[in-house]
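Rule-based calculations on the coordinates, nothing more; no lab input. Note that the structure is predicted; figures quoted are calculated from it, not measured. Glycine gets a Cβ as well: all are built from the backbone with ideal geometry, and neighbour counts include every protein chain shown.
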Amino acid sequence: MPHAPQRPAPTDDVGEESARVLSTGGPPDTDAEFTAFMRAHTADLLRTAWLLVGDAHRAEELVQHALVRTYASWSRARRDDPLAYARRTLVNLRIDTWRRRRREVLSAPEQLPETWASGTLSPSDDRDQLVRALALLSPRQRRIVVLRHFVGLPEAEVAAELGVSVGTVKSTASRGLATLRTALTTIDRSTR
């Protein structure tokens, strides 16, 4: 039976490797500052990336690319909110990748493998249900729901990061959450 994508463990593997590679080219104070930023926020970026792509390996790759771009623009990124800058870069890279490749095919809910039902749900079952439900959302709905409700950003910040209006964030999040509620209720009933 195929398994749902595994959420990456919050480790510093991505951050340590990227820090080692990136910390060889800039001024020492910038390198130290950026390395500290990476150590503090790589796990958060990795969780966000995983929620956006649903695959641990692709999430790690996306975070590495976002960190490289953030480092290249560190003088600008650190002025305001470096985490918001890195997150916006992460989302933009995800959009660019999706547009460029157009290979991502979201499976219809009826094509997803059934989960094993024993009356009790483990954390991996919860994760499987969430991945199935997120697969039902359009890419735009998924980005907005992830940033708004999983990352916990305010509506205005999500709107700024995605370049849409606050009203678009509200309406898209509302439709996305309605889809998730319906899907999770249906999945929950089928596992009983």
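Here are the numbers for this structure:
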quantity: Sequence ranges 62-74, 166-178, ranked by mean other-Cβ count within 10 angstrom, highest first; calculated: 62-74, 166-178
quantity: Inter-label distance for ALA36 and ALA72, nm, one decimal - labels placed 7 Å from Cα along Cα-to-Cβ; calculated: 2.6 nm
